[in-house]
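Working notes for the structure below.
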Amino acid sequence: MNISPTLHSVSAPGKLILCGEHAVVYGYPAIALPVHGIRARVEVVAVEVGSGITFDAPDLGRNWRLRDAPDDPLSQVATAVIAHLGQPMPDLQLRITSDIPIASGMGSGAAIATVVVRALAGALGYVLSPDDVSALVYESEKRYHGTPSGIDNTVVAFEQPIWFVRGAKNQEPAEHLQVGQSPGPTITPIHITTPFILLIGDTGIRSATKLPVGEVRRRREAEPERYEQLFNQIGAIATRVRALLADGDITALGGLLTQNQELLQAVGVSSLELDRLVDVALGAGALGAKLSGAGWGGVMIALAQEDTVQRVQQALQVAGAVRVLTTRLERC
Ligand code: MEV
């Protein structure tokens, strides 16, 4: 197979969990949204024969050759893609850039792994299905996060709002559970009948997903009934949110997001900074607000309307958000 020396380039979006994080690890439903405006990108160029795959990732502050760091998670993604395609190791440089904040709940790891998968496949003349991309990235997510539900890699690979249910309810996070395998997840497109605006407030505090996910697992083991009740209520919220999005009832959506935040506080994954940004957003007129992603840091989201968006944005900035992004969810 000829590898084109010309530039090949791909991108993948960041993501938000609208509702259902953490409970989704245990088989309850969650809703995830792509954030098209902030993306990870890979440009591929052919390099000298015999170089193998090299990575240049200025935003991660890193530059390495696969053969020198075969255990690096992205090296392993690349190795898995080559094995999946049944190809010999190509000579390519992957230049990775990303505007998705790292360890912030916005799917930076999943998006970067996704672009590595797509870029390598594309450079070798293949177009992988979103399912295949998602399954390859899920393997990498397991290396980063330990026991991921698979929601992050799925929403990033499919690039559309999704309803995600991992598998049989109440199961322990199981190593063998994979996208595309039995008992696989239920992945359904979410219908949005009334466009809405989410503001994303970044606490600036980086928090690796696997830490709160591991802590929630320990607490659930210590207090199984309490955690089952909390997850049940979070799952019920996700079910109602899905119906409201289909009906276009955005006002009621706000209250459910705030209820979800209260449950996440009880689960133990919020933080003073997240609580503060949530309170400030509500005080400035947001219809609802919650943390998004694994928590303990990272981002929160606030549901705003055209006439409140600026006020909420300014309030978040004054309250110390290191950045405030706006994303518009369109009818789909
Ligand atoms: C992270 O975006 C969402 C969590 O529920 C973890 C997972 O689902 O793998 C916290």
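The values are calculated or read from the model by the stated rules, or taken from the named source; none is laboratory data. Since we're looking at a predicted model, the values are computed, not measured. Here Cβ is always computed from backbone atoms with ideal geometry, including for glycine, and neighbour counts include all displayed protein chains. Just so you know, the surface numbers come from the protein's heavy atoms only, side chains and all, with ligands and any DNA or RNA stripped out. Shrake-Rupley method; radii C 1.70, N 1.55, O 1.52, S 1.80 Å.
Couple of notes before you dig in:
- Cα principal axis extents for segment 214-310, largest first, Å: 45, 30, 16
- Based on the convex hull around the alpha carbon atoms, the chain presents an average projected area of 16.1 nm².
- Taking segment 43-89 and dividing mean pair separation by its residue count, relative contact order in percent (alpha carbons under 8 Å, at least six apart): 25
- Dipole of the chain, positive end: most advanced residue of 51, 190, 126 [Cβ charges, Cα centre]: 190
- Taking label points 7 Å from Cα along the Cα-to-Cβ direction, residue 310 and residue 51 give a separation of 4.9 nm.
- Once both labels are positioned 7 Å from their Cα atoms along Cα-to-Cβ, the gap between residue 262 and residue 186 label points is 2.7 nm.
- Rounded, prolate or oblate (a/c below 1.5 giving rounded, otherwise prolate when a/b exceeds b/c) for segment 139-298 by Cα gyration tensor: oblate
- Compared with the alpha-carbon gap, the fully stretched path from residue 127 to residue 328 is longer by 69.5 nm at 0.36 nm per residue.
- Surface composition of the chain: carbon plus sulfur atoms contribute 51% of the solvent-accessible area (1.4 Å probe, protein chains only, all chains present).
- Relative contact order of segment 204-331, defined on C-alpha pairs under 8 angstrom at six or more residues apart (%): 26
- Solvent-accessible surface (1.4 angstrom probe) belonging to residue 323, in square angstrom, nearest 10: 90
- Accessible surface, per residue, of the chain when the full set of protein chains is kept, probe 1.4 Å, Å²: 40
- Relative contact order of the chain, defined on C-alpha pairs under 8 angstrom at six or more residues apart (%): 21
- Pair residue 102, residue 236: separation of 7 Å Cα→Cβ label points (nm): 4.1
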